[in-house]
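This report concerns only the one structure given below.
The values are calculated or read from the model by the stated rules, or taken from the named source; none is laboratory data. No experiment lies behind these values; they were computed from the predicted model shown. Here the Cβ positions follow ideal geometry from the backbone for every residue, glycine too, while neighbour counts run over all protein chains shown.
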Amino acid sequence: MIALVARRVRALSTSGALAATVVGGAAVSAGWNAAALLVAYFASATLVSRWRASDKDAATGRVVSKGGERDAMQVLANGGVFAIGCAAAAMTGGEYHALLLAFALGSLAASSSDSWATELGVALGGTPLGIRELTRVPAGTSGAVSAFGIGGALLGAALVALVALALGFGRELATMAFIGGLSGCAADTLIGAFVQERRWCDACSEPTERVTHSCGVRTRVTGGVARMDNDIVNLLATLAGGVISAAILA
Ligand SMILES: [Zn+2]
């Protein structure tokens, strides 16, 4: 039902709604508090991506795809690791149960932290510093940092941690989620800077992350690892957030 509502308000595409139903089902298997945490994450990430959306379009010179409908790949890249952690936690008892919950919460906090960092960074951060180039790069470039982006990363991770605390996950798990979330966001920046493929549109002479540019021309790879797109980077970053969160708890 929540996926249907999200489809209605164009937060998800049809494939995204189907994927979100699977992720939501996995969350419910771990408990209603895990499902409520997922809804809080998703609602806040959607709202922050829509906040000042036209300003962000102007800052990045493109229609902000992140503010639009999320498709199945984006849903799984952001929520797939959380879903696996929740389903595994539901099937396990004892000490492994807590570890798997920390894994799930850390991955969700990483996704939240990255979303907030991107949205606040693009909306308020001006021209960020590319950590690979070590020069200023256009707003919205993967692997770039700004003060507002870092502030967003802190807020996004804290949001998941505080909601987890309010939902009864306990102080220890909430703390792990916060640390894992920030670590995952840092991993996202590093992977985005040094591993993610960089593409170029010859027609517009400008860098892009898209295979087909907004002008309709197919872009070419100019750096990074081919096929390492934003979705795969997000997947690896949420995995890193989950592993770090569980590893510290262990
Ligand atoms: Zn173009």
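Listed values, structure above:
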read-out	value
Answer from Leu134, Leu129 - the residue that is without any contact (Cβ under 8 Å) to a residue 24 or more places away in the chain, touching a strand residue (DSSP E or B) at 6+ places or on another chain (Cβ under 9 Å) and among the hydrophobic types (A, V, I, L, M, F, W, C)	Leu129
Filter pass, Leu37 being crowded, with 19+ Cβ neighbours inside 10 Å and closer than 19 Å to Leu162 by Cα	yes
Ser111 being closer than 14 Å to Asp231 by Cα and modelled with pLDDT under 90	no
Elements of type strands (runs of 3 or more DSSP E) in the range 173-250, at least 1 residues being within 16 Å of the ligand (Cβ to nearest atom), out of contact with any Pro (no Cβ under 6 Å at 6 or more places or on another chain) and hydroxyl-bearing (Ser, Thr, Tyr)	206-208, 220-223
Any pair with Cβ under 7 angstrom, 6 or more apart, that starts in the range 169-197 at a residue that is crowded, with 21+ Cβ neighbours inside 10 Å and acidic (Asp, Glu) and ends at one that is at pLDDT 95 or above and in a helix (DSSP H, G or I)	Asp188/Asp114; Asp188/Val233; Asp188/Asn234; Asp188/Ala237
Residue check for Gly224: within 17 Å of the chain's Cα centre (by Cα) and surrounded by 21 or more Cβ atoms within 10 Å (Cβ to Cβ)	no
Given (1) of a type outside the set (Gly, Ala, Ser); (2) surrounded by 14 or more Cβ atoms within 10 Å (Cβ to Cβ); (3) farther than 15 Å from Gly80 by Cα; (4) modelled with pLDDT of 90 or more, index of the condition Pro207 fails	(4)
